[in-house]
Amino acid sequence: MAAARVKVPIEVYRFDPTHDAKPHYDRFELDLAPHTPILTALLQIRADRDPTLTMRYSCRSAICGSCAMVVNSKSRLVCQTPVGPEVEKHGKIVIEPMRSLPVLRDLVVEMSPFWGHYRKLEPHLITDPRHPMPADRETPMTPVEVERFKETPRCIACGACYSACPAVEADASFPGPMALAKLYRFVVDPRDSARQDRLVRIQTEGLWLCLRCHLCTEACPKDVQPSQRIRDLKEMAIAAQGATENGSRHALGFKENLRDRGILNELKLVRQTMSPLAMLGQIPQGLKVARKKPETMRKPPKIQELEQIETLYRELDDAPGEKAR
Amino acid sequence: MKLAYYPGCVAQESGKELDLATRWVAKKIGLELVEFPNFSCCGSGFVDEANRTLNVAMNARNLAIAERAGLELLTVCSTCTGMLRLANVELASPEMRHRVDGALAKIGVAYQGTTRVRHLLEVLHEDVGVERLRAMVTRPLTGLKVGAFYGCHLLRPSKELLSESGEEPRSFEDLIAALGATPVLYRGRVMCCGFPILFVKEATANRIAATQIEDAKAHGADAMATPCPLCHTSLDSFQNKAEKAVGHDLHMPVFHLPQLVGLALGATPEELGLPRHLVATDSALRKIGQVAVPA
């Protein structure tokens, strides 16, 4: 018996920069089984309705990473996203090209900004020339060492995380989740000799622009969890070099701040993060906020049992070897 | 219903209006808030980046306080919710559990791992329920189009936090409809507000906030509402900076979740702390026939 079919209204983004002044959407309606992948629907449109519809795809099995697009606002591989749940939730399927990358035509984007960030971070093994790896035997790793990067090698570089990332969208200097996850993989690789350099460099090359919104982890079709790996990089960067940038000063300052009162002293945190000059620039805004919210200018009361917090800091933050390893 | 009230730092200081509105709504609908002056900050994601184990231990201590009292923990901030829930998740690792238990033992605290963390949004949606809430409405917010803005840490990472959805939640929109207002669906409702990098690279943070406000506006929102005081800071207290970043006015009133509920249940703007907002809420209040807020 044939599977039940559903009406699938699809709106597809169309843009040919050589002819069109601006993009438009073409609307199609198909009858499909709910489990049909969106890629199959697009291929059917191209075969039966409009042979000019342009898209990238290859393996149809979520391995090649070619078919990442925006499906009803979410960045997804269209080969592994079925039509049924999308129609159920949204009444239709809107397909757009990936965000934050220039559109070449229709659903095809130029990937070079994505790869440019990747190359810049040199996510490949860098060994010490003075201690080359032996050529005649393997360099084994312990299971514990391998466990530290069990997720990152799964990455297929589809770009879904890059497309989903609001920091990438707002700031071209942010390397993006994929490049940072790949960097992480070599920072924790015991055979790599550039760990310290990598951690120092990344502090000034965008690490602290990550918003920890976890949209990348949500979008990743391979469960690489880039946001968690970026979090790990931040902790390791602070351990390697201390707080050298606004971002690391803020994280470290926040941690020190809580030790005084158990809750946040907002005004002090500004001092802990910003240079005196930058603070001067914040005075007009600070006064504007304080006029409505006078509490921003006062020290909050200490929590009860503050001594317990102090003990936790002594046990877990002051003790040697207890910080990021 | 009795809950351990965890207001978080911002609601006790610069976001005091959130605390005011929460207490007003709790009283109105019969939630008993038990206070614990020994709660510490959740670390706001920043302590997690500086020292993961310390962050888990501090939150395990908070969770243990509620556990000892036999209460679920009520949060009013998306980030507090995420951080406290993350501690429960991280404690599943035997290594983390061992180190945290060891440190907690030094302060005479043992955490069994049973505390449920509940955001006010979830308590309203799941426990009070949309129908009961609708029945309590005395001043329906008819005619007001509201864009919900969830705050990342209430939703993601969804696999760890077991949230309703990482990218397509609906509970807030359900509540907005129950209050008589019209929910506006827009992409930005699940996006980042820019707050985490407000002190790192302000111009980028401002642009991110502006993107979400403009998106809500483009979809017809008269106002936005958020269950997170950090998002509120970015969207309201720094909206003037977001305007500068995009070069034009935004004029978007932003409510805290319990303020919107309170308005529908008959509270005055003063009782909800609306005069404390940086962006005037008058334009939204006029739509529901409520007098303007004095500056």
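The values are calculated or read from the model by the stated rules, or taken from the named source; none is laboratory data. Keep in mind that what you see is a predicted model, and the values were worked out from it rather than measured. Positions of Cβ are generated from backbone atoms using ideal geometry, with glycine treated the same way; all protein chains shown enter the neighbour counts. For accessibility, only protein heavy atoms count, side chains too; no ligands or nucleic acids. Shrake-Rupley method; radii C 1.70, N 1.55, O 1.52, S 1.80 Å.
Looking across segment B:52-64, the residues that are within 21 Å of the chain's Cα centre (by Cα) and either more than 7 Å from chain A (Cβ to nearest Cβ) or surrounded by fewer than 24 Cβ atoms within 10 Å (Cβ to Cβ) (or both) come down to B:ASN55, B:VAL56, B:ASN59, B:ALA60, B:ASN62, B:LEU63. Assuming A:SER173 fulfils every condition listed in (1) open to solvent by 20 Å² or more (accessible area, probe 1.4 Å); (2) at negative phi; (3) in contact (Cβ under 8 Å) with a residue 40 or more places away in the chain apart from one, which condition is it? Only one criterion is unmet by A:SER173, namely (3). With respect to A:LEU316, determine if the residue is more than 7 Å from chain B (Cβ to nearest Cβ) and modelled with pLDDT of 95 or more. So A:LEU316 fails the test. Entry remark, segment B:237-292: residues being open to solvent by 10 Å² or more (accessible area, probe 1.4 Å), in a loop (DSSP other than H, G, I, E, B) and within 11 Å of chain A (Cβ to nearest Cβ) number 4 in total. Take A:ALA167 and decide whether it is outside any loop (DSSP other than H, G, I, E, B) and either under 30 Å from A:SER112 (Cβ atoms) or open to solvent by 80 Å² or more (accessible area, probe 1.4 Å) (or both). Yes.
For beta carbons closer than 9 Å, sequence separation of 6+ or different chains, a first residue in segment B:37-51 that is at the interface with another protein chain (Cβ under 7 Å from one of its Cβ atoms) and a second that is acidic (Asp, Glu) and assigned to a loop (DSSP other than H, G, I, E, B), the qualifying pairs are B:PRO37/A:GLU305; B:ASN38/A:GLU305; B:SER40/A:GLU305; B:ASN51/A:GLU322. Applying the criterion of being buried (at least 24 other Cβ atoms within 10 Å of the Cβ) and assigned to a helix (DSSP H, G or I) to the residues of segment B:86-112, the residue that is nearest to the chain's Cα centre (by Cα) is B:ALA87. Looking at segment A:45-67 only, could you name the residues that are open to solvent by less than 60 Å² (accessible area, probe 1.4 Å) and under 30 Å from A:ARG154 (Cα atoms)? Within segment A:45-67, A:THR54, A:MET55, A:CYS59, A:ALA62, A:CYS64, A:GLY65, A:SER66, A:CYS67 meet the criteria.
Could you check segment B:159-192 and list, in sequence order, the residues that are among the β-branched types (Val, Ile, Thr), open to solvent by less than 20 Å² (accessible area, probe 1.4 Å) and more than 9 Å from every other protein chain (Cβ to nearest Cβ)? Explain how you work it out, then say what you get.
Taking segment B:159-192 as the starting set, the residues that turn out to be among the β-branched types (Val, Ile, Thr) are B:176, B:182, B:184, B:190.
If we keep only those that are open to solvent by less than 20 Å² (accessible area, probe 1.4 Å) as well, we get B:176, B:184, B:190.
B:ILE176, B:VAL184, listed by residue number.
The sole residue among A:GLY247, A:GLY242, A:GLY206 that is touching a helix residue (DSSP H, G or I) at 6+ places or on another chain (Cβ under 9 Å) and either under 20 Å from B:CYS152 (Cα atoms) or basic (Lys, Arg) (or both) is A:GLY247. Residue selection: B:PHE195 satisfies the criterion of being among the aromatic types (Phe, Trp, Tyr), open to solvent by 10 Å² or more (accessible area, probe 1.4 Å) and closer than 24 Å to B:ALA280 by Cβ.
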